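Report on the structure given below.
The values are calculated or read from the model by the stated rules, or taken from the named source; none is laboratory data. This is a predicted model, so every value here is computed, not measured. All Cβ positions, glycine included, derive from the backbone under ideal geometry; neighbour counts span all protein chains shown.
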Ligand code: HEC
Ligand code: HEC
Ligand code: HEC
Ligand code: HEC
Ligand code: HEC
Ligand code: HEC
């Protein structure tokens with residue numbers, strides 16, 4: 001039974017190895033990106049406390065929903081970013097990220113590939129203001145994550161990370177380990193053969209030893225052994241379970257969905273180039289639950305005079321003549337069990353459309369950029385501070401909250417994690 005036992009031991013070790021794989025494959029994933037901080041400042045950035053303070057408030061107003069200094073949120077951790085790129089490059093990128101990506105800049109393209117999400121334009125910020133933000137980032141980087149952790153306001157995982165992020169790595173590791181296992185088995189078999197050949201030449205072997213030596217490996221017995229069947233069944237079940245769980249998590253997730261529309265309406269042209277306000281067409285965003293898709297009449301405000309001979313615009317006329325609505329294909333769609341209200345987010349909280357819909361102004365065809373899962377909603381409610389400024393409704397709550405905690409009042413603190421708030 002020497003052979004059988006040997007084989008079982010091999011199977012067992014490789015199985016233990018396999019089990020430990022997902023653990024370190026996962027911790028390998030995001031990885032902190034904080035290299036040692038520099039002792040002195042970078043050219044172009046300030047160490048003046050007034051500038052750093054200005055940078056801090058600008059960061060909190062414009063960047064905090066997606067960035068932290070020492071950890072990845074929606075976007076990358078910003079620690080040391082002024083060393084990864086020049087200050088001039090950063091100013092350009094922060095103003096017009098998508099332009100830099102589309103110019104083919106290799107670094108920016110790689111970032112976009114990794115994060116799969118556009119950072120909105122910040123062309124309303126002056127160069128000096130962006131440099132102030134970067135000066136603050138520098139000051140925080142030098143402070144290091146330990147002190148920052150005390151003031152950190154987030155406990156998040158990335159919302160942008162696709163669910164099956166580590167699958168590729170997982171498969172490569174499994175393949176690598178299987179290969180190693182086969183090589184080890186081959187080497188062991190070779191050693192066993194050489195050894196038994198050598199031993200057979202020896203004459204002073206006992207009965208028992210001879211029996212072991214002459215025994216042939218009984219493959220049938222190995223495959224029928226309880227140990228083998230048990231282990232195989234376990235591995236198989238574990239893999240099936242993993243696939244099922246991953247499949248279930250991603251059911252109904254339509255990130256990246258960009259259907260073709262009956263009329264090729266371009267946001268890039270209308271909202272981008274011609275800068276038509278979103279609210280001109282999506283009349284509901286500040287008034288109610290739904291943003292509303294404009295009726296053909298709104299198109300006619302302009303197109304009864306603009307491009308009237310274009311065959312596409314003619315198609316809009318046909319809809320109006322037939323008194324039929326244009327059958328737009330819905331892109332974003334929560335299941336009926338969930339309640340989402342635009343007014344609350346756009347008007348009360350003051351969140352820009354781009355945070356949830358991506359850079360619509362650059363889209364020829366609308367695409368679903370965010371996950372729209374429950375985790376995505378909750379994640380933002382955990383880390384976003386309530387916009388209580390100039391809102392008397394929140395005065396009492398803010399006072400109560402300030403007594404309990406030094407942290408800003410988050411959406412979770414006003415009940416943003418309660419099931420009934422989002423579920424009918
Ligand atoms: C809506 C989310 C969002 C907001 C708001 C946002 N960013 Fe970003 N940022 C991203 C994403 C996502 C990336 C990754 C690049 C990409 O995919 O375009 C990024 C990348 C960056 C990078 C490059 C990081 C690196 O590792 O090289 C810098 C610098 C940056 N952002 C600074 C800022 C600053 C400063 C602000 C505020 C003025 C800001 N961002 C606001 C999402 C955001
Ligand atoms: C001239 C009118 C017009 C303007 C201005 C406009 N949109 Fe739209 N929008 C439409 C129409 C028509 C559709 C439906 C067709 C489509 O999906 O492309 C639409 C669809 C959308 C959708 C997808 C809706 C769905 O089905 O889930 C989003 C999100 C959106 N718009 C956001 C914006 C944002 C953000 C802005 C401002 C930056 C904006 N729109 C400006 C007309 C407009
Ligand atoms: C506020 C004015 C305005 C509104 C409202 C508007 N458009 Fe436009 N649209 C324009 C302008 C300006 C152009 C560009 C004309 C040009 O290229 O000369 C344009 C171009 C287009 C084109 C391209 C036509 C072609 O043949 O190149 C389409 C399609 C279009 N619009 C569809 C729509 C639809 C559908 C709506 C309603 C949801 C709409 N537009 C609402 C101003 C508007
Ligand atoms: C906090 C995230 C968030 C913000 C901010 C946001 N949206 Fe939405 N939007 C959603 C979600 C979620 C849906 C899907 C709603 C549903 O299916 O009930 C949606 C759906 C839509 C739709 C589809 C049709 C409809 O009537 O719901 C349009 C159009 C739209 N949004 C436009 C906008 C515009 C324009 C803005 C900015 C003024 C904006 N959104 C801001 C999350 C957001
Ligand atoms: C970008 C961040 C963000 C995302 C994403 C987001 N929310 Fe919110 N949500 C907020 C903020 C900020 C408030 C607080 C608004 C206020 O001051 O009343 C809020 C408030 C709410 C409230 C009212 C909570 C209360 O206690 O009054 C509901 C309900 C809600 N959100 C539902 C959703 C749902 C459903 C989704 C996902 C489909 C979602 N939200 C995604 C930021 C977000
Ligand atoms: C901030 C908003 C929000 C809160 C709070 C919230 N949910 Fe959800 N929940 C959603 C959204 C949005 C979806 C739909 C997600 C999707 O389609 O992937 C959802 C989906 C679900 C589903 C899955 C239904 C299905 O069809 O698969 C269950 C179950 C659920 N929620 C239970 C809860 C429970 C229990 C709580 C309280 C502990 C809760 N939710 C709190 C927004 C919320």
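Can you give me the number of residues within segment 399-420 that are loosely packed, with under 15 Cβ neighbours inside 10 Å and in a helix (DSSP H, G or I)? Matching residues across segment 399-420 total 7. Filtered by the rule that a residue be more than 10 Å from ligand 5 (Cβ to nearest atom) and either in a loop (DSSP other than H, G, I, E, B) or in contact with a helix residue (DSSP H, G or I) (Cβ under 7 Å, 6 or more places away or on another chain) (or both), segment 355-379 gives 358, 359, 360, 361, 362, 363, 364, 365, 366, 367, 368, 369. Among residues of segment 170-183 that are not assigned by TED's automatic domain parsing to the domain that holds residue 246, none has a Cβ under 7 angstrom from a residue that is surrounded by 11 or more Cβ atoms within 10 Å (Cβ to Cβ) and assigned to a helix (DSSP H, G or I) at a sequence gap of 6+ or on a separate chain. If I ask for residues that are in contact (Cβ under 8 Å) with a residue 24 or more places away in the chain and over 16 Å from the mean Cα position of the chain (by Cα), which ones from segment 87-112 would you list? Answer for segment 87-112, where residues must be in contact (Cβ under 8 Å) with a residue 24 or more places away in the chain and over 16 Å from the mean Cα position of the chain (by Cα): 87, 88, 90, 91, 94, 95, 96, 97, 98. Restrict the check to segment 386-398 and report whether at least one residue is away from ligand 2 (no atom under 12 Å from the Cβ), touching a strand residue (DSSP E or B) at 6+ places or on another chain (Cβ under 8 Å), more than 27 Å from residue 268 (Cα to Cα) and outside any loop (DSSP other than H, G, I, E, B). The answer is no, given that none of the residues of segment 386-398 is away from ligand 2 (no atom under 12 Å from the Cβ), touching a strand residue (DSSP E or B) at 6+ places or on another chain (Cβ under 8 Å), more than 27 Å from residue 268 (Cα to Cα) and outside any loop (DSSP other than H, G, I, E, B). The set of residues in segment 337-348 being touching a residue at least 40 places away in the same chain (Cβ under 8 Å) and either more than 9 Å from ligand 6 (Cβ to nearest atom) or in a loop (DSSP other than H, G, I, E, B) (or both) consists of 337, 339, 340, 341, 342, 343, 346, 347, 348. On the stretch given as segment 26-73, residues that are on the phi > 0 side of the Ramachandran plot and modelled with pLDDT of 75 or more total 1.
Here's the yes/no breakdown for (1) in contact with a strand residue (DSSP E or B) (Cβ under 8 Å, 6 or more places away or on another chain); (2) at pLDDT 90 or above; (3) under 30 Å from residue 42 (Cα atoms):
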{"site": "134", "(1), (2), (3)": "no, yes, yes"}
{"site": "138", "(1), (2), (3)": "no, yes, yes"}
{"site": "148", "(1), (2), (3)": "no, no, yes"}
{"site": "151", "(1), (2), (3)": "no, no, yes"}
{"site": "156", "(1), (2), (3)": "no, no, yes"}
{"site": "159", "(1), (2), (3)": "no, no, no"}
{"site": "169", "(1), (2), (3)": "no, no, no"}
{"site": "175", "(1), (2), (3)": "no, yes, no"}
{"site": "178", "(1), (2), (3)": "no, yes, no"}
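Those residues that are outside any loop (DSSP other than H, G, I, E, B) and surrounded by 14 or more Cβ atoms within 10 Å (Cβ to Cβ), I need them from segment 278-294; list them, please. If the condition is that a residue be outside any loop (DSSP other than H, G, I, E, B) and surrounded by 14 or more Cβ atoms within 10 Å (Cβ to Cβ), then 278, 279, 281 are the ones that fit. The condition (being surrounded by 14 or more Cβ atoms within 10 Å (Cβ to Cβ) and either within 16 Å of ligand 1 (Cβ to nearest atom) or on the phi > 0 side of the Ramachandran plot (or both)) is satisfied by just one residue among 313, 326, 351: 351.
Of all residues in segment 40-64, exactly one satisfies the criterion of being in contact with a helix residue (DSSP H, G or I) (Cβ under 6 Å, 6 or more places away or on another chain) and over 13 Å from residue 131 (Cβ atoms), namely 56. Looking at this structure, is residue 304 modelled with pLDDT of 90 or more, over 27 Å from the mean Cα position of the chain (by Cα) and in the same structural domain as residue 325 (by TED's automatic domain parsing)? The answer is no for residue 304.
Just to be sure I understand, how many residues within segment 272-289 are under 29 Å from the mean Cα position of the chain (by Cα), near ligand 2 (Cβ under 10 Å from one of its atoms) and either closer than 28 Å to residue 335 by Cβ or not assigned by TED's automatic domain parsing to the domain that holds residue 358 (or both)? Residues that pass the stated criteria total 4.
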